[in-house]
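Contents: one structure, followed by commentary.
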Amino acid sequence: MECENRAQLVNRQVHDLKYSSLQLRFTRIGVHLKTLQLKNFKNYSELNLEFPARITFLLGLNGTGKTNLLDAIYYLSATKSFSNLTDSQIIRHGEDNFFIRGMFDHSGNRSEVFGQLQSGRKKIFRVDSKDYERISDHIGKYPVVLISPLDVDLVKESSEARRKFFDQVIAQLDHAYLEKLLEYHHTLKQRNALLKLFAEKNYTDLEMIELYDQQLIRTGQLIYKKRKTFATEFLPVFNTSYHQLVNRPEMASLTYTSEVESINYEDGLKRSWKKDLALQRTTFGVHRDDYMFGFAHGDLKRLGSQGQQKSFLVAIKLAQANIIRSHLGFSPILLFDDIFDKLDDTRITRLLKIISADSYGQVLITDAGPERTLALVKELGILCDVLRVDNGSIHTKAFD
Ligand SMILES: Nc1ncnc2c1ncn2[C@@H]1O[C@H](COP(=O)(O)OP(=O)(O)O)[C@@H](O)[C@H]1O
Ligand SMILES: [Mg+2]
């Protein structure tokens, strides 16, 4: 019986896989960052850079500013850094403000994105000199997909890292999702503050809790549905990328789990009231959802080698790029930070071949080992620009 189920599952996945490859409409149209200007962004005091080529390699020793440069591009897209630094920590030491400016070509239309932080003031974000009323409205307009050594947190860390990742992926595609998510977290914060207050005052008003519950149910159910739909859509696209990268018809799995699935949302919240009041936080709801990654040998976290985990994570990001392209009709910018770190040479070669294909848009890749990268670029005949990063400055034509 178990065997039969497994065979059915594999059949379905193979079917999904074929279907997904048909579904993806590959297009050369993408969002392309043409120029980048930085002022006092981390270790860059001033920088003016052009990115004429589709693929750009940024090579340089450790600590010279390769990751910071990708972070600046990420910032233009996400309105925040991907490092754990706060906005004010991004300002170059000893200065009191930073700005970043990027000129994007978006399917033939040019636009300038500008972000600035003056210490102690509100952050400014504008496109073509027009300020956003809400900075979050910028999310998803200039999508990027970042692949970094920090991705390993997706496997190693708690469910929060995985939720955050998938939330960010869905939010880039679906602004309504982002709004619901912000609303949900706002209500959650208020409900938790109320629980704390009740504990302090030694008093409880269940009607008030119920009011917040109704709000949580409304937004939470929507979030659950969107996450569920997205996980189903993501898996076959992911498997296509995974096969391309590992060059084996190995099936991987992604299981989305939510406790709101097995019990009515309202009942779930009510049943947790006692516990919530004791712990002074909300212990039921979609803020506790998780995603589980599985590969051929089982649970990726427990049984995957470092190399297998890395391949899996790279494939997840390639799938993210493919999903963005099929939803929005254009390719996001791919940012690969230290990608050569844990992949073996065969995988690196495959990866470079994959991203050299026309179906991907602009790609920026950093590496600390110039010889290895230059040799591979030459061997594969990749058309690209190679820049040398050197302590907060960047040199063109720095390599033969
Ligand atoms: N706010 C800041 N002001 C000045 N330097 C900074 C700031 N934030 C980070 N740095 C420095 O930037 C340097 C380069 O970092 P990074 O881009 O991670 O290098 P790479 O990726 O090339 O190894 C680090 O030495 C770090 O100390
Ligand atoms: Mg780095």
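So Asp299 clears everything in (1) charged (D, E, K, R); (2) free of Cβ contacts under 8 Å to residues at least 40 places away in the same chain; (3) surrounded by 17 or more Cβ atoms within 10 Å (Cβ to Cβ) except one condition, right? Which one?
Tallying (1) charged (D, E, K, R); (2) free of Cβ contacts under 8 Å to residues at least 40 places away in the same chain; (3) surrounded by 17 or more Cβ atoms within 10 Å (Cβ to Cβ), Asp299 fails exactly one: (3).
Assigned to a helix (DSSP H, G or I), β-branched (Val, Ile, Thr), at pLDDT 95 or above and more than 16 Å from Arg281 (Cα to Cα), is that true of Thr219?
For Thr219, the condition - assigned to a helix (DSSP H, G or I), β-branched (Val, Ile, Thr), at pLDDT 95 or above and more than 16 Å from Arg281 (Cα to Cα) - is met.
Residues of the range 88-107 being of a type in the set (D, E, K, R) and either without any contact (Cβ under 8 Å) to a residue 24 or more places away in the chain or part of a loop (DSSP other than H, G, I, E, B) (or both), which ones?
If the condition is that a residue be of a type in the set (D, E, K, R) and either without any contact (Cβ under 8 Å) to a residue 24 or more places away in the chain or part of a loop (DSSP other than H, G, I, E, B) (or both), then Arg92, Glu95, Asp96 are the ones that fit.
Of all residues in the range 108-162, how many are within 16 Å of ligand 2 (Cβ to nearest atom) and in contact (Cβ under 8 Å) with a residue 12 or more places away in the chain?
7
Would the range 339-352 turn up any residue that is on the phi < 0 side of the Ramachandran plot, at pLDDT 90 or above, within 16 Å of ligand 2 (Cβ to nearest atom) and crowded, with 17+ Cβ neighbours inside 10 Å?
no
Can you give me the number of residues within the range 29-87 that are in a strand (DSSP E or B) and either small (Gly, Ala, Ser) or away from ligand 2 (no atom under 11 Å from the Cβ) (or both)?
Qualifying residue count for the region: 23.
Restrict the check to the range 361-372 and report whether at least one residue is at pLDDT below 90, crowded, with 17+ Cβ neighbours inside 10 Å and within 16 Å of ligand 2 (Cβ to nearest atom).
So far as the range 361-372 goes, no, none of its residues is at pLDDT below 90, crowded, with 17+ Cβ neighbours inside 10 Å and within 16 Å of ligand 2 (Cβ to nearest atom).
Select from the range 125-180 the residues that are among the basic types (Lys, Arg) and assigned to a strand (DSSP E or B) and write down the one among them that is farthest from Thr232 (Cα to Cα).
Looking at residues that are among the basic types (Lys, Arg) and assigned to a strand (DSSP E or B), I get Lys130.
Name the residues in the range 240-257 that are surrounded by 17 or more Cβ atoms within 10 Å (Cβ to Cβ) and at pLDDT 95 or above, would you?
Tyr256 - this is the single residue of the range 240-257 that is surrounded by 17 or more Cβ atoms within 10 Å (Cβ to Cβ) and at pLDDT 95 or above.
Looking at the range 271-283, I want the residues that are in contact (Cβ under 8 Å) with a residue 24 or more places away in the chain and have a partner that is acidic (Asp, Glu) and in a helix (DSSP H, G or I) with Cβ atoms under 8 Å, at least 6 apart or on another chain. Which pairs are those?
Thr282/Asp276
Is it true that some residue in the range 68-85 is surrounded by fewer than 18 Cβ atoms within 10 Å (Cβ to Cβ), of a type in the set (Ser, Thr, Tyr), under 16 Å from Gln37 (Cα atoms) and away from ligand 1 (no atom under 13 Å from the Cβ)?
no
Any idea how many residues of the range 88-107 are out of contact with any helix residue (DSSP H, G or I) (no Cβ under 6 Å at 6 or more places or on another chain) and either within 16 Å of ligand 2 (Cβ to nearest atom) or within 12 Å of Tyr142 (Cα to Cα) (or both)?
Final tally of qualifying residues: 6.
Inspect the range 101-115 for any residue being within 16 Å of ligand 1 (Cβ to nearest atom), surrounded by 14 or more Cβ atoms within 10 Å (Cβ to Cβ), aliphatic (A, V, I, L, M) and modelled with pLDDT of 95 or more and give the result as yes or no.
Looking for residues that are within 16 Å of ligand 1 (Cβ to nearest atom), surrounded by 14 or more Cβ atoms within 10 Å (Cβ to Cβ), aliphatic (A, V, I, L, M) and modelled with pLDDT of 95 or more, one finds none in the range 101-115, hence no.
The values are calculated or read from the model by the stated rules, or taken from the named source; none is laboratory data. Since the structure is predicted, the reported quantities are computational estimates derived from the model, not experimental observations. Using ideal geometry, Cβ is built from the backbone for each residue, glycine included, and neighbour counts are taken over all protein chains shown.
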